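Throughout, read-outs are computed from the coordinates displayed, never taken from laboratory work. Small disclaimer: the values here were computed from a predicted structure and weren't measured. Every residue, glycine as well, gets a Cβ built from its backbone with ideal geometry; the counts of neighbours run over all protein chains shown.
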Amino acid sequence: MTAPSPAPKLPVSLAANPKLSSWVRFTDEGHVAISPGKVEIGQGIVTALAQIAADELDVDIGRIEMIRASTASSPNEGVTSGSLSIQQSGRALRQVCAEVRQLFLAVASERLGVDASRLDINDGTISGPGNVRTSYWELAGEVSLDRDASAGATAKLAAARGVAGHSVQRVDIPDKVFARPRFIHDRPLPGLLHGRVLRPDISGARLIALDEDAARGVPGLVAIAREGGFAGVVAETEAAAEAALKALRKGATWSAGEPLPDEDDLAGFLRSQPVETTIIDTRTSAATKKAAYTLRRQYTRPYIAHASIAPSCAMAQWNGDRVRVWTHSQGVYLLRADLAIVLKLPVESIIVEHTEGAGCYGHNAADDVALDAVLLAKAAAGHPVRVQWSRHDEMSHAPFGAAMAIEIEADLDADNEIIGWRHAIWSNGHAARPGRAAQPALLAATEIANPYPRMISSNPPAANGGGGDRNSVPLYDLPAWTITSHRLLTMPVRTSALRTLGGQGNVFAIESLLDEIVALRGEDPIEFRLRHLRDERAKDVIRAAARRAHWKPQKRAGVGHGVGFARYKNTGAYCAAIAEIEGADDIRVKRLTLAVDVGEAINPDGVINQIEGGAIQATSWVLKERVRFDRTHITSTSWTDYPILTFSEVPAVDVEIIQRPEIEPVGAGEAAHGPVTAAIANAVFDCLGVRVRDLPITRDRIIAAMELAS
Amino acid sequence: MPTIRFHLNGTATAVEADSDQTLLDVLRGRLGVTGPHFGCGANECGACYVMVGDHAMASCDMPMWSVADKKVTTIEGLGTAEQPHPLQRAFIAEQAMQCGYCVSGIMISAAALLKRNPSPTEAEVRAALDRNLCRCGSHNRMVRAVLRAASETAAS
């Protein structure tokens, strides 16, 4: 007797949203409407998902109409984050479309009297021997997709795919090049009014008194909204709203606020706070070799701003006790859950609809401004209200990527081989997204009457890649280790998800210390890494990057080269980076050479674009970025005070993809940051002979490191 | 409110506006021209760039009085899907963006560059775009797109 084979498992997003019609519909005009729950944030996801659907259904990609996520009708796929959209939405859509194709073939087979195995589908037309034909659209009335996915259908083999795996042009780019309104910022709604919210300059201050007289005199003012410590204006035009806000600010009295840490001693602050401590992983060695000595090193990274080029924006419109919200949030259902808590309304009374914003790079103010719009729209008598944050507020009130202090102790034997490894992280949590807790995570919820406390950031579980501990467990085969995460229980600086969460800091620390040990051993850094890795895909990206960068380039004065490697979350994309820099007191990154393995690259040019973008953004973080503050204010509230990399400072970026069509695809958006950070830091050592362990690597930090070394 | 006359994308335009109201506000508000984007309001990011005459300039801090009788070109004035500007063709060909919010300002800077220097070097393109910020890291694609537009224009 043989055991029955286990039932095939549905991809996670499909198990949660099994109805086929929630993902795909054939529309009258010869089009196919595809509804993912993931959203476009400039990463090109809607194009990659369109490719997957076009491929499985055998329709031209031009027929695919990508529907924006809305709580009114879309599958609930949680949040668009963590480089999971291809993994979750992509797999679900591939499975859905494979099943839909099979259902239509079965009905076509009956209708045409031809065995399904002898039918072909070409751009939606189903044909068979004897010139018999029909199409998805002809049969759409006969095939109900209001049924649950069965998991029985089999998607095409990799070799049979004609669209996925090939570069296609992104579907959203023509609109953006020809300035057809696509961004939420540009979207006209009839009767639209404009809102602005009054926020304190002093960190954590609460509005305690407000003289509204001056603001009331501003022409074009429609209403002043006030709920406890939340106050704002609604006006006929943006200019009038700005003028009214300016007048309102003069009449505001604020509480003293909450003190900020010492910006110049982040490690001291992080290591002195109450924490929740978690052992992330341990590995013990049977061998009891004695350590000759121990290297102990501390690495830090500062708070980093998301710093989207577009200030966050949202629109809201009330109709009785129902409200409709337009947002560039990464998670429409999650935002809706938080709005329901604040508004004390059932979720059914709220529709949250996604509309594209600019790149956000994680949890910025997108969700906050949506609640702002909802609260201000209460005062707008049924008109839609559009709220847009100022640059100042975007750079001071939105959550930041968390600062980190990381200490690694490496026990070395007499040959400088690693025999023990202890990695400890002190950091705020890296996620305080909406929709996941009994309390809301939205800024205005902490300002209204009966305010909610500010949500202290937590870390996703290790099974989801962790948070502050992301990428802290070495992929290298070291004989013993203990990895410990200390999550802060205080949060004077508001933090939440920024690309890679703790991954960038941890990879920087691990790869920097390895490089130091490599130098002690006089070994080649590529050889050292290959010698300590068991995973062939990991080795392949390192070898590919080395080959492409002609490793190891000859030593030249004033020039340095460095290597960095990680597999994102230890379960996602593999990425190796080699940096070439020029350095004296200031560092210029000249060239980054990367190799990446995302499994099946659905849109190879899209993957390259993401890796290039990640590499350049990481270079900006490493060389320039640091949220500035004194003891009462965030002070980096403009581009002058928070400079990012400019066109002339951007390195050449060369990317090689190792295409593996037979392996399930993973995302590319966060793969490059850690490896590039480490490669630049290691190149700085190669060039200047000094280890900079505190990011960003600025002239001051290099001088400080040189003084420490001498 | 005074009436201020200027040429917008080749069309004679008259608006009633406070003379210290910003051009960006008038474009995006009254005139519904949403190609130029608000980014910072302080002439620090380039998202709102328009051409005034042949020069790329921030419209977010440009008072309306200074625009009187000037020729203003926004991204909408560069070309259309039917008759694209070489830069628009090139940005599509190079897939030169991620989110694209900064792109309208960057194409304006590039268009102004190509007017004064039809065959720029890569370093000249980078220098011309240095006042425009891009946060997604699409810089190199955009530089390639500008060089492509220049060489296609030269070849035609």
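In whole Å, how far is the Cα centre of segment A:245-273 from that of segment A:120-160? After rounding, the separation between the Cα centres reads 60 Å. Using the Cβ-Cβ distance between residue A:699 and residue A:265 with R0 set to 25 Å, the FRET efficiency from 1/(1 + (r/R0)^6) comes to roughly 0.80.
Estimated from the Cβ-Cβ distance and a Förster radius of 45 angstrom, the FRET efficiency linking residue A:16 and residue B:7 is about 0.25. Placing dummy labels 7 Å off each Cα toward the beta-carbon, the span from residue A:288 to residue A:534 is 2.4 nm.
On full extension, the segment bounded by residue A:482 and residue A:107 gains 129.1 nm, given 0.36 nm per residue less the C-alpha separation.
Volume per residue for segment A:307-366 equals 74 cubic angstrom (convex hull of Cα atoms). Note on residue A:555: lysines with a C-alpha under 19 Å away, same-chain residues under 8 apart excluded, are A:590. Estimated from helices alone, the mean residue ellipticity of the protein assembly as shown at 222 nm is -8500 deg cm²/dmol (sum of -39500 (n - 2.57) over DSSP H runs with n ≥ 4, per residue). Just to verify a number: FRET efficiency for residue A:409 and residue A:456, C-beta to C-beta distance, R0 = 35 Å, to 0.05? For residue A:409 and residue A:456, the calculated efficiency is 0.80.
Extending 7 Å from Cα along the Cβ direction at residue B:116 and again at residue A:344 yields two label points whose distance is 6.1 nm. The charge dipole of the protein assembly as shown, taken about its Cα centre with unit charges on the Cβ of Lys, Arg, Asp and Glu (plus for the first two, minus for the last two), comes to roughly 460 debye.
Which shape class applies to segment A:516-561: rounded if a/c is under 1.5, otherwise prolate when a/b exceeds b/c and oblate if not, where a ≥ b ≥ c are the square roots of the Cα gyration tensor eigenvalues? Working shown, then result.
On the way: a/c = 3.38, a/b = 1.37, b/c = 2.48.
Taking the square roots of the gyration eigenvalues as a ≥ b ≥ c, segment A:516-561 is oblate.
Multiplying the residue separation of residue A:547 and residue A:630 by 0.36 nm and removing their Cα-Cα distance gives an extension gain of 25.2 nm. If I build a Gaussian network model for chain B, linking alpha-carbon pairs within less than 10 angstrom, which residue out of B:144, B:126, B:135 has the largest mean-square fluctuation? Taking springs between Cα atoms under 10 Å, the residue moving most is B:135. The length gained on full extension between residue A:707 and residue A:585, counted as 0.36 nm times the residue separation minus their Cα-Cα distance, comes to 42.6 nm.
What does the convex hull of the Cα atoms of segment B:86-155 come to per residue, in Å³, rounded to a whole number? Intermediate results must be reported in sequence, preceding the final value.
Working: hull volume 4.9 nm³, N = 70.
Cα convex hull per residue, to the nearest whole number: 70 Å³.
Pairs of Cα atoms nearer than 8 Å and 6+ residues apart set the relative contact order; for chain B it is 24 percent. Per 10 Å bin, what is the whole-percent P(r) computed from every C-alpha pair distance within the protein assembly as shown? With a bin width of 10 Å, the distribution comes to 2, 12, 21, 25, 21, 13, 5, 1, 0, 0.
Hey, what's the Kirkwood Rh for chain B if you take every pair of different alpha carbons, in angstrom?
Working: mean 1/r = 0.0639 Å⁻¹.
When all Cα pairs of chain B are included, the Kirkwood radius is 15.7 Å.
Within the set of other residues whose C-beta is less than 13 Å from the C-beta of residue A:342, count the net charge using Lys and Arg as +1 and Asp and Glu as -1. Show your work: numbers first, answer last.
Numbers: positive: A:336, A:344, A:378; negative: A:227, A:338, A:367, A:368, A:372, A:447.
With Lys, Arg at +1 and Asp, Glu at -1, the net is -3.
Under 5 Å from the amide H of residue A:404 lie the amide H atoms of A:301, each residue being 5 or more positions distant or on a separate chain, with H modelled from the backbone and absent for Pro and chain starts.
Bridgeable lysines around residue A:38 (alpha carbons under 24 Å apart, same-chain partners fewer than 8 residues away excluded): A:9, A:19, A:156, A:176, A:569. Remark on residue A:629: its backbone amide H falls under 5 Å from those of A:635, a criterion applied only to residues 5 or more positions apart or on other chains, H modelled at 1.01 Å from N. Computed over neighbours whose Cβ is under 12 Å from that of residue A:527, the net charge equals +4, Lys and Arg +1, Asp and Glu -1. What separates the Cα centres of segment A:642-710 and segment B:78-139 is a distance of 26 Å. Between A:181, A:668, A:678, the Cα set farthest toward the positive side of the dipole of chain A (charges on each charged residue's Cβ, about the Cα centre) is that of A:678.
Per the Debye calculation on segment A:12-176 with a single equal scatterer at every Cα and no solvent contribution, log₁₀ I(q)/I(0) for q = 0.18 Å⁻¹ amounts to -1.12. Simple spin-label estimate for residue B:42 and residue A:133 gives 6.2 nm between the two label positions (7 Å along the Cα-to-Cβ direction from each Cα).
Roughly how many Å is it from the Cα centre of segment A:603-631 to that of segment B:6-36, as a whole number? Comparing the Cα centres of segment A:603-631 and segment B:6-36, I get a distance of 35 Å.
What's the whole-number percent of alpha carbon pairs in segment A:537-648 lying beyond 17 angstrom? Everything past 17 Å amounts to 64 percent.
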